[in-house]
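Asks: Please read through the structure below; I'll follow up with questions.
Since every read-out is calculated from the coordinates, none of them should be taken as a lab result. Values in this document were obtained by computation on a predicted structure and should not be read as measured data. We place every Cβ from the backbone using ideal geometry, glycine too, and count neighbours over all the protein chains shown.
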Amino acid sequence: MKLFPSRTIAWYTARMFLVRTMAFLFGLIVILESLDLLGESGKILAAAGNSESDLWVYVSLRVPQLVQLFLPFSVLLATLVTLATLNQNSEVVIFKAAGISAHQILAPLFIAALAISIGNFVFNERITTRATRTLKVWQDNEYRHTPAEKKPLTESWVRGGDDLFRATAVTGTGAATRLDGVTIYDRADNRLLRVVMADTARPGAGGWQLTGVRVFDVARGTLTRLPVLAFASSVVPRQFTTASINPAWMPLWELWPQIAEQRAAGKPVDTLVAAAWHKVSGPLSTVLMPLLGAVAAFGLARSGRLFVRAVIGMFLGFAFFVADNFMLAMGNFGTVPPLMAAWAPFLLFLLIGEAVLIRTEE
């Protein structure tokens, strides 16, 4: 009934698993980063003032992204190799003959995978987010070190009730917000009544104060010019001043307040909520890999089916990654709720892995 009937066996299997995980991760990063650098080195060196040292800067910014992406794959491959080796050497048979159950054999791998997932989460939120943002800004500036010119905050469309607002430029915040190049589509019951165009707009009592106004009446087909106009609307300044959010650029503890700000501004946040939850479920997926790859640990090696079992374990692991990306895409499209998009694949394959293990070994 103990979780670890033998500390020696637990440490032995966990150490094998951790060493192979780090070896696979190192190998994948070296190969993939080398290929990636071959494609980007020409662009980096083409920028004025760049030298070979900038190639190492690119590597330092790109490696955290590769670690985030391929660590779960490394854990899966390490699981298959570790368990297949134990099976090939008949060590699994010895463990079971000593009275250790299948779950107890896998328990050290689960604990090690959980430690990896916690480290991966901290690494992603503290390092990968900063590296991703820095690299994206550098790439958008064509790898030049001169700062890119800041553009004014823009917002294409904002909706308030039936009305649609469009502003070409936004400056200031709160009561000091100023909209330039404003176009308001005044609608009622999904019918367009008039189009209000203004040079500038500022927040006013119960709406907006427009200057340099041109009003087109749809029913009459007439255009009226006015110096100023008070336009009543439920649209508030923060609907314009809340900038778009890239979840890959900020840690989870900063992302949740930004989501609350977007929600208060009346903007859709389902995509952001799914991405926030996936920041937790993504690293935690490493805990699933020993369970999905467990099929390679059991069965007699002399039966000739060890390779088939390893292939089945690899298929289950990669099927999880496909399902995870598919559900996240469905969450981004709004087809499924954000919580389901982030956690459904994890729970589904947890049940599949447990069902296979209990059915075949327990």
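Asks: Would you calculate the separation in nanometres between label points at Ala205 and Leu114, each defined as 7 Å from the Cα along the Cα-to-beta-carbon direction?
Replies: 6.2
Asks: Then there's this: Take Phe333, project a point 7 Å from its Cα along the Cβ direction, then tell me which residues of the stretch 253-282 have their backbone nitrogen under 19 Å from it.
Replies: It comes to 269-275, nothing else.
Asks: When the Kirkwood radius is taken over all Cα pairs of the chain, what Stokes-Einstein diffusion coefficient follows at 25 °C and 0.890 mPa s, in µm²/s?
Replies: D, rounded to a whole number, is 99 µm²/s.
Asks: State the antiparallel share, in %, of DSSP beta bridges confined to the stretch 162-233, rounding to the nearest 5.
Replies: Just about 100 percent of them are antiparallel.
Asks: Given only helices, namely DSSP H runs of n ≥ 4 each adding -39500 (n - 2.57), what is the per-residue ellipticity at 222 nm of the chain, to the nearest 500 deg cm²/dmol?
Replies: About -19500 deg cm²/dmol.
Asks: For the chain, compute the number of Lys pairs whose alpha carbons are separated by less than 28 Å, excluding pairs fewer than 8 positions apart on the same chain.
Replies: Eligible lysine pairs with Cα atoms under 28 Å apart amount to 11.
Asks: Report the label-to-label distance for Arg126 and Trp253 in nanometres (one decimal), using points 7 Å from each Cα along the Cα→Cβ vector.
Replies: 1.1
Asks: Convert each backbone phi in the stretch 46-55 into a coupling constant with the Karplus relation 6.51 cos²θ - 1.76 cosθ + 1.60 (shift: θ = phi - 60°), then list the ³J(HN,Hα) values in order as whole Hz, x for Gly and Pro.
Replies: 3J(HN,Hα) across the stretch 46-55, in whole Hz: 6, 6, 4, x, 7, 9, 5, 5, 6, 5.
Asks: Moving to a separate point now. Where the centroid of each part is defined by its Cα atoms, how far is the stretch 31-68 from the stretch 157-175 in Å?
Replies: 40
Asks: Shape of the stretch 189-232 from its Cα gyration tensor (a ≥ b ≥ c, root eigenvalues): rounded if a/c is under 1.5, otherwise prolate when a/b > b/c, or oblate?
Replies: Verdict is oblate for the stretch 189-232.
Asks: Round to the nearest 0.05 the FRET efficiency obtained for Thr8 and Phe216 when R0 = 56 Å and r is the Cβ-Cβ distance.
Replies: That gives a FRET efficiency of 0.10.
Asks: For Glu33 paired with Ala260, estimate the spin-label separation in nm (one decimal), with each label point 7 Å from Cα along the Cα-to-Cβ line.
Replies: 3.8
Asks: Which residue fluctuates the most in the chain, going by a Gaussian network model with Cα springs under 10 Å, if the choices are Gln209, Gln104, Gln68?
Replies: Gln209
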